[in-house]
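Peer 1: Sending over a structure as structure tokens; questions will come in a sec.
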Number of protein chains: 2
Amino acid sequence: MPEASDYFGAPVGTPTEPGRFVRIDELEAYELAAGLLTRPLLGAGVMASFARYEPNSEAPLHAHVEEQLFVVLDGQFEVELNGELRTMTILDAAVIAPWVPHRVVAGPEGGYQLDIFCPPRQGLLDLIAARGDDEPD
Amino acid sequence: MPEASDYFGAPVGTPTEPGRFVRIDELEAYELAAGLLTRPLLGAGVMASFARYEPNSEAPLHAHVEEQLFVVLDGQFEVELNGELRTMTILDAAVIAPWVPHRVVAGPEGGYQLDIFCPPRQGLLDLIAARGDDEPD
């Protein structure tokens, strides 16, 4: 039976690239809807995007092929998932399988939440690439 | 060029399973080291694990094949990555490629951080499976 003491194994592989330190609030921000700004942190196979909602702002009902974990970091949201509506606050989370429709509306104080997309969400990769194209040399 | 208004597309695929709501502090907890307790939230291709460190507790230097995003949610940590030591506080993050050695030591007030593993970390899956085996029918 595995024991927790086995969990911190010594390195036996070779890193493919170095690790890097990041400050979330210095990441590039993308406005997804009025009052909804997200800052994606991109790994190789996964993306974590930190979304700040102004009071009463909304991510309308939508769905996508990427799996998503939704985690509330601050504030309050009304979240619709499978047609079920819940009020979510700090440390409430949702597991959103591919193509499950969901909708998020921030409360009157706004809110802050983390989206984890696996694989990285193509719609955000497209926005990142488009901004890169716009940049002057 | 993509626009943010394209981001919230209508569902065009069929969900493979329903979404589900989760309360992080009701997830099963696993002690990885003295004073270090983590609560994994398992998706299909990704795992988010919420780790609470008692004051001065430590994840010793280790490495693993899974990619990891490390996000500080509260408190303070000393983190070693590529042999570089940094003090990390709320909303500091690190991108840890496969097999990059890292070490985490909580400050005198302890701390709370989120690990995102892609794919789900096998060492944690083993602990989850072992506990399942231990449970009475």
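Peer 1: In region B:86-121, which residues are open to solvent by 60 Å² or more (accessible area, probe 1.4 Å) and farther than 22 Å from B:I24 by Cβ?
Peer 2: B:R86, B:T87, B:R103, B:P108
Peer 1: For region B:78-85, state whether one or more residues are touching an Asp or Glu at 6+ places or on another chain (Cβ under 7 Å), surrounded by fewer than 19 Cβ atoms within 10 Å (Cβ to Cβ) and without any contact (Cβ under 8 Å) to a residue 12 or more places away in the chain.
Peer 2: Checked region B:78-85: at least one residue is touching an Asp or Glu at 6+ places or on another chain (Cβ under 7 Å), surrounded by fewer than 19 Cβ atoms within 10 Å (Cβ to Cβ) and without any contact (Cβ under 8 Å) to a residue 12 or more places away in the chain.
Peer 1: Could you tell me which numbered condition B:T38 fails, if it satisfies all but one of (1) outside any loop (DSSP other than H, G, I, E, B); (2) more than 7 Å from chain A (Cβ to nearest Cβ); (3) in contact with a Gly (Cβ under 9 Å, 6 or more places away or on another chain); (4) not small (G, A, S)?
Peer 2: So B:T38 meets the others, but not (3).
Peer 1: Of all residues in region A:28-40 being open to solvent by less than 30 Å² (accessible area, probe 1.4 Å) and within 13 Å of the chain's Cα centre (by Cα), which is farthest from A:Y53 (Cα to Cα)?
Peer 2: A:P40
Peer 1: Take the residues in region B:1-12 that are surrounded by 14 or more Cβ atoms within 10 Å (Cβ to Cβ) and at pLDDT below 80, then tell me which one is farthest from A:L91 (Cα to Cα).
Peer 2: If we take residues in region B:1-12 being surrounded by 14 or more Cβ atoms within 10 Å (Cβ to Cβ) and at pLDDT below 80, then B:P2 is farthest from A:L91 (Cα to Cα).
Peer 1: Moving on. For A:P15, only one of the following conditions fails: (1) at the interface with chain B (Cβ under 7 Å from one of its Cβ atoms); (2) touching a Gly at 6+ places or on another chain (Cβ under 9 Å); (3) surrounded by 14 or more Cβ atoms within 10 Å (Cβ to Cβ). What is its number?
Peer 2: (2)
Peer 1: Give the residues of region A:59-72 that are surrounded by fewer than 19 Cβ atoms within 10 Å (Cβ to Cβ) and either in a strand (DSSP E or B) or more than 9 Å from chain B (Cβ to nearest Cβ) (or both), sorted by residue number.
Peer 2: A:P60, A:L61, A:H62 - these are the residues of region A:59-72 that are surrounded by fewer than 19 Cβ atoms within 10 Å (Cβ to Cβ) and either in a strand (DSSP E or B) or more than 9 Å from chain B (Cβ to nearest Cβ) (or both).
The values are calculated or read from the model by the stated rules, or taken from the named source; none is laboratory data. Only a predicted model underlies this, so the values are computations on that prediction, with no experimental measurement involved. Glycine also receives a Cβ, built like all others from the backbone with ideal geometry; neighbour counts cover every protein chain displayed. Surface areas here come from the heavy atoms of the whole protein model, side chains and all, with no ligands, DNA or RNA. Shrake-Rupley method; radii C 1.70, N 1.55, O 1.52, S 1.80 Å.
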